[in-house]
Amino acid sequence: MRLMLLQTTTTESNAKILIKVALGCGLSPCIQQMQIQSHYMWAKDSKTLEVVNENEILLSFKVFKKDFKALKKLLLKHHTYELPEIIGIHLQKVSKPYKKWCKSAFA
């Protein structure tokens, strides 16, 4: 496991779907879910930007590098957002016992 994929959604139902498909397809051995508040600029139209403050659910998917593209594609397919956030973070250090567990989770 060398990557963490972060993605947000607004509904508990969409979060459950995203978690279920990622675990069910064997693309992430562990997913964390956190309630967050997001603040961002959004284009209402081509001339108007608005500040948006929104309660969201942040999902943190642990993923092996070889599975990142497949997980990204799967999450995009099942996401409700027009423009879903997908951020990949390279993990420099992962404890050996946790990494071993992640590898064995889908063995």
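Only the coordinates and a few stated rules stand behind these numbers; no lab work does. On a predicted model such as this, the values are computed, not experimentally measured, just so you know. Here Cβ is always computed from backbone atoms with ideal geometry, including for glycine, and neighbour counts include all displayed protein chains.
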Taking amide H positions as placed 1.01 Å from N in the peptide plane, with prolines and chain starts having none, which residues 5 or more places from Leu3, or on another chain, fall under 5 Å of its amide H?
Val63, Lys65, Leu91
Can you tell me the orientation of helix 12-24 relative to the chain, as the angle in degrees between its alpha-carbon axis and the longest Cα principal axis, to the nearest 10?
30 degrees
The summed charge of the Trp42 Cβ neighbourhood (under 12 Å; Lys/Arg +1, Asp/Glu -1) stands at -3
Pairs of Cα atoms under 8 Å, at least six residues apart: use those to get the relative contact order of segment 3-96, whole percent.
46 percent
Students often check this: by mean Cβ neighbours within 10 Å, which of 87-96, 3-12 ranks highest, and how do the rest follow?
3-12, 87-96
Between (i) 50, 26, 23; (ii) 41, 29, 22; (iii) 51, 19, 16, the structure-derived Cα extents along the principal axes in Å is (i)
Using mean Cβ contacts within 10 Å as the protection proxy, how do 67-76, 49-58, 34-43 order, highest first?
67-76, 49-58, 34-43
When each of Lys47/Lys69; Lys44/Lys65; Lys44/Lys69 is checked by Cα-Cα distance, pairs over 32 Å
Lys47/Lys69; Lys44/Lys65
In degrees, nearest 10, the alpha-carbon axis of helix 68-78 is tilted away from the dominant principal axis of the alpha carbons of the chain by 50 degrees
What are the ³J(HN,Hα) couplings of segment 83-99, residue after residue, when phi is run through the Karplus curve with 6.51, -1.76, 1.60 and θ = phi - 60°? Round to Hz, x for glycine and proline.
9, x, 7, 9, 10, x, 10, 6, 8, 7, 10, 9, 4, 4, x, 5, 4
Karplus couplings for segment 35-48 from phi (6.51 cos²θ - 1.76 cosθ + 1.60, θ = phi - 60°), rounded to Hz, Gly and Pro as x?
7, 9, 10, 10, 10, 7, 8, 9, 7, 5, 8, 5, 10, 10
